[in-house]
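Single-structure report; data block below.
The values are calculated or read from the model by the stated rules, or taken from the named source; none is laboratory data. Note that the coordinates shown come from a computational prediction; the quantities given were computed from them, not determined experimentally. Positions of Cβ are generated from backbone atoms using ideal geometry, with glycine treated the same way; all protein chains shown enter the neighbour counts. Side chains included, ligands, DNA and RNA excluded: accessible areas come from the protein's heavy atoms. Shrake-Rupley method; radii C 1.70, N 1.55, O 1.52, S 1.80 Å.
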Amino acid sequence: MNRVASSAIAGVRAAHAPAPRIAGVGLLTGWGEGPAALARARGNTPASLLAVPTPALGGERFRRATRECLLAAAAVRAATAEAGLDETALAGERTGMLYASATAYAAANRAFLEDEASTTLHFPYTAPSAVPGEVTIAFGIRGPYLNLMGGGPAALQALWYAARWLAAGQVDRVLVLAVETVHEVWDLFGRARRLYRRPLVEGAACLLLEPGDGASLAWASATAPRTARPHADRVVGAVLDAVLGDGTPATVARCSGTHGFGRAEAAALAGRRRSPAVVSGPGEAMACGPLLELAEARSRRAPGPWLLTAAWRNDYSALCWPTPMA
Amino acid sequence: MSPRAAEPVAVTGAGVVSPIGQDLDAFWAGLVTGVSGIAEIERFPVADLRVTRGGEVKKLHRVAELTHDARLPACRASRFLIHATREALAHAGLAADPPEPARLAVVIGTALGGIDDAARALRGDGGVRALCGSLYDGPTWNLARWLDTEGPVLTVSTACASGATSLGVAAELIRAGRADVAVAGGVDVLCRFVQRGFNVLRSLTRDQVRPFDRRRSGILLGEGAGIVVLERAACAAARGRAPLGWLLGHASTADGAHITAPDPEGRGLALAIRQALGEAGLGPDSVEFVSAHGTGTPANDRVETDVLKRVLGPRAYAVPVNSIKAHLGHTMGAAATLEAIMCLLAGRHGQLPPTLNYGESDPHCDLDWVPNEARRHRPRVSLSTSLGFGGCNAALVLAAA
């Protein structure tokens with residue numbers, strides 16, 4: 001194996017935890033619903049923005065909720081149904097909630113910033129915590145709770161925390177939820193298109209996780225001073241060495257990130273003893289990206305281990321998820 | 001301590017920016033002498049709002065020496081973070097001898113993120129840089145760049161509990177071997193966006209902030225940053241550094257009750273306290289001091305009182321409890337970190353800062369609130385509680401060195 005340790009930054013170490021079992025999946029994205037929509041999207045000509053339709057959820061509970069809250073609740077509902085659970089099973093202290101997002105507050109913030117006539121009904125929804133908050137209220141969840149802000153790496157962090165909570169016996173199940181909405185602020189995000197892959201994809205993704213069979217997952221991340229090479233080479237090499245050791249994953253899913261990290265990652269993987277299959281997300285789904293890729297891998301019973309990689313700003317993160325996926 | 005306890009994490013440094021002081025000494029002196037940073041807001045227009053006062057940082061000291069640094073961002077929240085981090089690193093003895101970049105984590109909690117830059121981005125000012133800065137993780141990344149870290153960089157937002165959650169998350173990174181040192185804390189700025197928001201919610205009081213007092217009628221907002229340096233105990237010992245104290249336990253939980261109000265039964269908060277004590281390997285009998293969220297709203301203070309009685313049992317009446325919201329205003333994402341620092345300083349100095357503006361007892365809120373005057377008491381183990389929008393709760397268990 002030709003490691004890049006000679007140029008990699010020293011001191012990047014992986015954190016390990018028993019990998020959970022993916023009991024249920026709920027996906028609503030600009031590509032469509034469910035994991036099959038992601039597979040269909042690969043290879044298609046990208047647009048600039050793929051918006052997701054607002055789900056129609058009835059009832060008084062969601063009367064005031066924003067689009068991002070409705071997407072979140074619909075994704076959780078879909079994951080619960082796929083797991084064969086009654087929604088009441090989520091209620092109480094034994095369900096944990098981990099939420100990740102880079103953007104699912106921007107629309108509410110903009111509306112409140114621009115509309116001086118905004119009412120009391122609007123302001124609470126400017127907080128990112130309103131999205132998981134509405135979910136916990138709707139489903140009666142009172143367990144451990146954490147909201148991480150950022151793109152794909154935030155979702156990888158969330159998956160690791162979920163594994164820790166389950167391994168520690170703090171919870172019986174964890175919802176790892178990501179929501180991204182940018183349609184209402186596209187005039188701003190459109191200007192920054194050099195920062196992400198195209199298309200930018202809205203969505204809500206939820207994985208319902210339960211204790212797994214004991215095989216470990218590994219998570220590591222590092223920060224580059226700049227995302228261009230050779231800085232990216234050093235960071236990517238160190239992170240991949242930390243999560244993979246001498247091993248090679250069966251498949252690499254590049255979930256989100258910038259071109260600089262992508263090129264560095266390709267070079268680092270080419271130096272490994274075996275060349276893994278590389279699946280690149282057909283767009284930038286930000287925090288939803290890793291959850292979409294895991295969901296799709298599970299749906300087609302892909303062999304593991306799976307290496308999920310994601311970049312956001314100057315952060316490059318990787319999480320190695322062992323078999324079995326289903 | 002029980003054998004099931006998590007590894008204690010050393011707190012080797014702290015730094016603050018607050019309406020009552022911009023270093024630890026001034027902050028502590030203001031707390032114990034009962035200084036209030038609440039005044040008329042001057043930095044943005046408030047004349048059309050019901051309430052025009054808050055805990056504003058009128059002028060960020062030492063900004064002149066910072067502005068020579070090309071990496072200094074324009075964002076106010078980022079400047080608060082950098083200012084507090086400089087002090088925390090110096091306090092930890094790491095300013096001249098920084099940790100290995102890949103072993104340094106940055107974990108920041110915030111309720112508002114880069115909201116100042118969001119306003120600029122919407123006006124079309126600042127280009128892509130303003131857009132990047134306006135995201136919730138914008139200030140965290142500005143700090144990470146200033147620190148030249150190569151380690152994990154995380155932003156958490158559990159609303160006004162963020163400054164506690166960030167400390168717990170950072171401690172977990174250290175315990176899991178992802179970092180040896182973490183710069184962790186919370187930040188938020190007082191701006192028209194949030195002042196107008198709480199104004200329309202009618203949560204702001206025209207009176208004084210009066211935590212746990214029968215006449216309490218709401219909050220006043222504040223701004224600031226609190227930063228602590230967390231380290232693996234062995235690292236601190238190897239450097240010969242005596243810690244300020246220890247982070248023994250943390251938990252963050254959901255209420256699942258209401259988008260703005262606390263669960264009337266406080267079940268989520270009670271769970272957070274029990275889990276944080278569990279992580280610390282301690283029972284409720286070990287708690288010698290409580291730093292309450294104590295916003296001064298009728299609902300928050302009643303729920304917190306009930307929860308403390310339920311979790312601490314009959315001892316709740318014997319444990320001193322304070323709130324420093326009347327000193328600072330509610331500093332949102334910074335609040336819980338500033339309160340954690342206060343707990344550690346109380347252990348060091350053997351003195352408890354008072355709950356200001358307390359005059360009339362509420363039969364429902366009948367604990368020992370350390371009213372109006374600082375008290376001689378050296379808590380070995382402190383509990384700090386926080387709540388936030390979206391039903392966020394957090395608890396920290398801290399020990400004096």
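Considering segment B:199-215 alone, what residues qualify as being farther than 22 Å from B:Ala47 by Cβ and outside any loop (DSSP other than H, G, I, E, B)? B:Asp213 - this is the single residue of segment B:199-215 that is farther than 22 Å from B:Ala47 by Cβ and outside any loop (DSSP other than H, G, I, E, B). The helices (runs of 4 or more DSSP H) found entirely in segment A:97-198 that carry 3 or more residues being over 16 Å from the mean Cα position of the chain (by Cα) and at the interface with chain B (Cβ under 7 Å from one of its Cβ atoms) are A:106-114, A:130-139. Does B:Thr205 satisfy the criteria of being modelled with pLDDT of 95 or more and at the interface with another protein chain (Cβ under 8 Å from one of its Cβ atoms)? Judged against the criteria, B:Thr205 is not a match.
Of all the listed residues (B:Leu277, B:Leu308), the sole one being surrounded by 22 or more Cβ atoms within 10 Å (Cβ to Cβ), assigned to a helix (DSSP H, G or I) and away from chain A (no Cβ under 14 Å) is B:Leu308. When we screen B:Leu367, B:Leu387, B:Leu344 for residues that are assigned to a strand (DSSP E or B) and touching a strand residue (DSSP E or B) at 6+ places or on another chain (Cβ under 8 Å), the only hit is B:Leu387. Here is the figure for segment A:173-202: residues that are closer than 17 Å to A:Glu134 by Cβ and small (Gly, Ala, Ser) total 1. Condition (residue is over 22 Å from the mean Cα position of the chain (by Cα) and buried (at least 24 other Cβ atoms within 10 Å of the Cβ)) applied to segment B:256-267: is it met by at least one residue? Scanning segment B:256-267 turns up at least one residue that is over 22 Å from the mean Cα position of the chain (by Cα) and buried (at least 24 other Cβ atoms within 10 Å of the Cβ). Residues that are outside any helix (DSSP H, G or I) and in contact with a Pro (Cβ under 6 Å, 6 or more places away or on another chain) within segment B:217-252 comprise B:Gly222, B:Trp246, B:Leu248, listed in sequence order. Kindly indicate whether any position in segment B:137-147 is more than 25 Å from B:Lys58 (Cβ to Cβ), more than 18 Å from the chain's Cα centre (by Cα) and facing another protein chain (nearest Cβ under 7 Å). Yes: one or more hits.
Suppose we keep only residues that are within 22 Å of the chain's Cα centre (by Cα) and within 14 Å of chain A (Cβ to nearest Cβ) within segment B:220-244. Which one would you say is modelled with the highest pLDDT? By that ranking, first place goes to B:Leu221.
Out of B:Thr140, B:Thr52, report the one residue that is β-branched (Val, Ile, Thr) and within 14 Å of B:Ala184 (Cα to Cα).
After applying the criteria, what remains is B:Thr140.
Annotation note: Cβ proximity below 7 Å between a residue of segment A:21-37 that is under 9 Å from A:Ala295 (Cα atoms) and a residue that is open to solvent by 10 Å² or more (accessible area, probe 1.4 Å) and β-branched (Val, Ile, Thr) (sequence gap 6+ or interchain) occurs for A:Pro35/A:Val25. The combined condition, being open to solvent by 10 Å² or more (accessible area, probe 1.4 Å) and either in contact with a helix residue (DSSP H, G or I) (Cβ under 8 Å, 6 or more places away or on another chain) or assigned to a loop (DSSP other than H, G, I, E, B) (or both), is fulfilled by B:Ala6. For B:Asp263, the conditions (1) away from chain A (no Cβ under 11 Å); (2) more than 23 Å from B:His349 (Cβ to Cβ); (3) assigned to a loop (DSSP other than H, G, I, E, B) all hold with the exception of (1). Name the one entry in B:Arg202, B:Arg216, B:Arg210 that is surrounded by fewer than 24 Cβ atoms within 10 Å (Cβ to Cβ) and of a type in the set (Lys, Arg). Answer to the selection: B:Arg202. Working only within segment B:21-54, note down all residues that are touching an Asp or Glu at 6+ places or on another chain (Cβ under 9 Å), open to solvent by less than 70 Å² (accessible area, probe 1.4 Å) and in a loop (DSSP other than H, G, I, E, B). Listed by number, the residues that qualify are B:Gln22, B:Asp23, B:Gly34, B:Gly37, B:Ile41, B:Val46, B:Thr52.
Listed by first and then second residue, the pairs linking a residue in segment B:100-122 that is facing chain A (nearest Cβ under 8 Å) to a residue that is open to solvent by 10 Å² or more (accessible area, probe 1.4 Å) and small (Gly, Ala, Ser), with Cβ atoms under 6 Å apart and 6 or more places separating them unless they lie on different chains, are B:Glu100/A:Gly11; B:Ala102/A:Gly11; B:Arg103/A:Gly11; B:Ala118/B:Ser134; B:Ala121/B:Ser134. Screening B:Thr331, B:Thr297 for residues that are modelled with pLDDT of 95 or more and within 17 Å of the chain's Cα centre (by Cα) leaves exactly one candidate, B:Thr331. Selection of segment B:151-183 for residues being more than 7 Å from every other protein chain (Cβ to nearest Cβ), in contact with a Ser or Thr (Cβ under 6 Å, 6 or more places away or on another chain) and either more than 16 Å from B:Leu247 (Cβ to Cβ) or small (Gly, Ala, Ser) (or both) yields B:Ala161, B:Ser162, B:Gly163, B:Ala164. Going through B:Ala170, B:Ala184, B:Ala164, B:Ala179 one at a time, which residue ends up being of a type in the set (A, V, I, L, M, F, W, C) and more than 19 Å from the chain's Cα centre (by Cα)? Sole residue among the options that is of a type in the set (A, V, I, L, M, F, W, C) and more than 19 Å from the chain's Cα centre (by Cα): B:Ala179. Among the residues of this structure, A:Ser299 counts as one that is small (Gly, Ala, Ser), under 26 Å from A:Ala162 (Cα atoms) and surrounded by fewer than 24 Cβ atoms within 10 Å (Cβ to Cβ). Residues that are touching a Gly at 6+ places or on another chain (Cβ under 9 Å), surrounded by 19 or more Cβ atoms within 10 Å (Cβ to Cβ) and in a helix (DSSP H, G or I) within segment A:36-76 comprise A:Leu38, A:Ala41, A:Cys69, A:Leu71, A:Ala74, A:Ala75, A:Val76, listed in sequence order. Each residue in segment A:180-222 was checked for being open to solvent by 10 Å² or more (accessible area, probe 1.4 Å), of a type in the set (Ser, Thr, Tyr) and in contact with a helix residue (DSSP H, G or I) (Cβ under 6 Å, 6 or more places away or on another chain), and 0 of them qualify.
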